[in-house]
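Structure, as structure tokens:
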Amino acid sequence: MKSSGTLRFSPELRPDSHQRRDGGSTQWWLILDGDPELGRYLRHQYFVAHRRVRSLQSPLWGTHVSVIRGEAPADPSLWGIGEGERIAFEFDPLPCEMHGYVWYPVRCEALLDLRERLGLPREPAPPLHLTIGNG
């Protein structure tokens, strides 16, 4: 399946705050904002597939691809390069679930190229994924 999203560096959790509940920060995070309607559709499909007894809530940042999770770039002056850019990606049609989160594996050379440009390992751990919700 195919979709696209918008790059957002250091996404805020609340207005003017990068502070996470666990005391960490979202300062060195990069997400690709996904289509809210796609997220709604996929959460509904999950609900139907689970006999209408297991629903998901939207993630805090909405439907998104996690690109960088707390990894400082080798050259911080490059942080924010491409902010707001739209990027196309592909995702697997079957959802995965871990620790209460539901996500789809993502393939996107442009996002992997961006990680490399920032001096980070090409493949993130965990791999690129489209988060649609949590239970």
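The values are calculated or read from the model by the stated rules, or taken from the named source; none is laboratory data. Bear in mind the structure is a predicted one, so any value in this text is a computation, not a measurement. For neighbour counting, all protein chains shown are included, and Cβ atoms are generated from backbone atoms with ideal geometry for every residue, glycine included.
Against the definition (aliphatic (A, V, I, L, M) and either over 20 Å from Pro124 (Cα atoms) or in contact with a helix residue (DSSP H, G or I) (Cβ under 7 Å, 6 or more places away or on another chain) (or both)), how does Leu60 come out, yes or no?
On the way: aliphatic (A, V, I, L, M): yes; either over 20 Å from Pro124 (Cα atoms) or in contact with a helix residue (DSSP H, G or I) (Cβ under 7 Å, 6 or more places away or on another chain) (or both): yes.
Criteria met by Leu60.
On the given criteria, is Val106 in contact with a helix residue (DSSP H, G or I) (Cβ under 7 Å, 6 or more places away or on another chain), at pLDDT 95 or above, on the phi < 0 side of the Ramachandran plot and surrounded by 13 or more Cβ atoms within 10 Å (Cβ to Cβ)?
no
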### Task
Filter the range 60-96 down to residues that are free of Cβ contacts under 8 Å to residues at least 24 places away in the same chain and either under 17 Å from Pro11 (Cα atoms) or under 15 Å from the mean Cα position of the chain (by Cα) (or both), then give me how many there are.
1
#### Entry: Residues that are surrounded by 13 or more Cβ atoms within 10 Å (Cβ to Cβ), touching a residue at least 24 places away in the same chain (Cβ under 8 Å) and not small (Gly, Ala, Ser), drawn from the range 28-53
Trp28, Trp29, Leu30, Ile31, Leu32, Asp33, Asp35, Leu38, Leu42, Arg43, Tyr46
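Just to be sure I understand, how many residues within the range 113-135 are surrounded by fewer than 19 Cβ atoms within 10 Å (Cβ to Cβ) and either not polar (S, T, N, Q) or not in a strand (DSSP E or B) (or both)?
12
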### Test: Gly70 is over 17 Å from Asn134 (Cβ atoms), of a type outside the set (Lys, Arg) and at pLDDT below 95
yes
### Task
With respect to Glu90, determine if the residue is of a type in the set (D, E, K, R), under 15 Å from Leu38 (Cα atoms) and touching a strand residue (DSSP E or B) at 6+ places or on another chain (Cβ under 8 Å).
yes
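Across the range 98-124, which residue is nearest to Ser4 (Cα to Cα) among those that are among the charged types (D, E, K, R) and in contact (Cβ under 8 Å) with a residue 24 or more places away in the chain?
Only one residue tops the list, namely Arg115.
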### Query
Hey, any hits in the range 43-51 for a residue that's at pLDDT 95 or above, assigned to a loop (DSSP other than H, G, I, E, B), within 16 Å of the chain's Cα centre (by Cα) and not small (Gly, Ala, Ser)?
no
### Positions within the range 110-135 being more than 15 Å from the chain's Cα centre (by Cα) and at pLDDT 95 or above, in sequence order
Asp113, Glu116, Arg117, Leu118, Gly119, Leu120, Pro121, Arg122
